[in-house]
Amino acid sequence: MSPFDRSSLYFAMVFVGACVMFAGAGGFLALHDQDWKYSYDCAEDAFPQNEGNVVYYDTLSPEERQSVDSALDGETLYFETEEPVPPTVVKKNGTFHVFDRFTVFDYYSEGTYGPIAVALVGMTLIVDGARRDVRR
């Protein structure tokens, strides 16, 4: 095999590795699981201007009240869907309580293992192809 053929082989190895790595990354973005994170931020005496709509504590469902109380105690809560997540601003006993409410990646979901493994295989092909080409 001539050196030109080996160089082409190693280039193809790096190219295929990059394609496999990007396919794994795309699969991760398509299949990842997002959870809702809910935690306590701060308390304010005046109406918080840019935080969202105010909901009174008395109008919350019992599940939402339990979640708000847990967050007020310093616990960080995670929800699978947006529906059970309490509101961002809750008025309780004359005080406006502001909560952080946003989505986060769930890296431990079953749907993320496969794409991460595919991306790692692609990275291995890239590194191995580049290493072999440099050693040549």
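Considering only residues that are loosely packed, with under 15 Cβ neighbours inside 10 Å and assigned to a strand (DSSP E or B), look in segment 94-105 and name the one that is modelled with the lowest pLDDT. By that ranking, first place goes to Phe105. With respect to being assigned to a helix (DSSP H, G or I) and of a type in the set (Gly, Ala, Ser), Ala43 falls outside the description. Restricting attention to segment 39-73, the residues that are over 13 Å from Val98 (Cα atoms) and not charged (D, E, K, R) total 7.
Per-residue answers, yes or no, for (1) in a strand (DSSP E or B); (2) more than 30 Å from Ile116 (Cβ to Cβ):
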{"residue": "Ala12", "(1), (2)": "no, no"}
{"residue": "Gly17", "(1), (2)": "no, no"}
{"residue": "Val20", "(1), (2)": "no, no"}
{"residue": "Gly27", "(1), (2)": "no, no"}
{"residue": "Ala30", "(1), (2)": "no, no"}
{"residue": "Asp35", "(1), (2)": "yes, no"}
{"residue": "Glu51", "(1), (2)": "no, yes"}
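Checking each residue in segment 1-56 for being β-branched (Val, Ile, Thr) and in the same structural domain as Asp100 (by TED's automatic domain parsing) picks out Val54, Val55.
Any residue in segment 92-100 that is more than 17 Å from Gly27 (Cα to Cα), outside the structural domain of Gly26 (by TED's automatic domain parsing), in contact with a Ser or Thr (Cβ under 8 Å, 6 or more places away or on another chain) and without any contact (Cβ under 8 Å) to a residue 24 or more places away in the chain?
Initially, segment 92-100 is screened for residues more than 17 Å from Gly27 (Cα to Cα), giving 92-100.
Cutting the leftovers down to outside the structural domain of Gly26 (by TED's automatic domain parsing) gives us 92-100.
From what is left, the residues that are in contact with a Ser or Thr (Cβ under 8 Å, 6 or more places away or on another chain) are 98-100.
If we keep only those that are without any contact (Cβ under 8 Å) to a residue 24 or more places away in the chain as well, we get none.
No: zero hits.
Table: residues versus (1) closer than 23 Å to Phe105 by Cα; (2) basic (Lys, Arg); (3) surrounded by 13 or more Cβ atoms within 10 Å (Cβ to Cβ).
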{"site": "Gly52", "(1), (2), (3)": "no, no, no"}
{"site": "Val55", "(1), (2), (3)": "no, no, yes"}
{"site": "Gln66", "(1), (2), (3)": "no, no, yes"}
{"site": "Ser70", "(1), (2), (3)": "yes, no, yes"}
{"site": "Leu77", "(1), (2), (3)": "yes, no, yes"}
{"site": "Thr81", "(1), (2), (3)": "yes, no, no"}
{"site": "Pro84", "(1), (2), (3)": "yes, no, yes"}
{"site": "Thr88", "(1), (2), (3)": "yes, no, yes"}
{"site": "Lys91", "(1), (2), (3)": "no, yes, yes"}
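Against the numbered list (1) farther than 30 Å from Val16 by Cα; (2) over 22 Å from the mean Cα position of the chain (by Cα); (3) not aliphatic (A, V, I, L, M), Arg132 comes up short only at (1).
The values are calculated or read from the model by the stated rules, or taken from the named source; none is laboratory data. None of these values were measured; they are calculated from a predicted model. Every residue, glycine among them, receives a Cβ derived from its backbone with ideal geometry; neighbour counts consider all protein chains shown.
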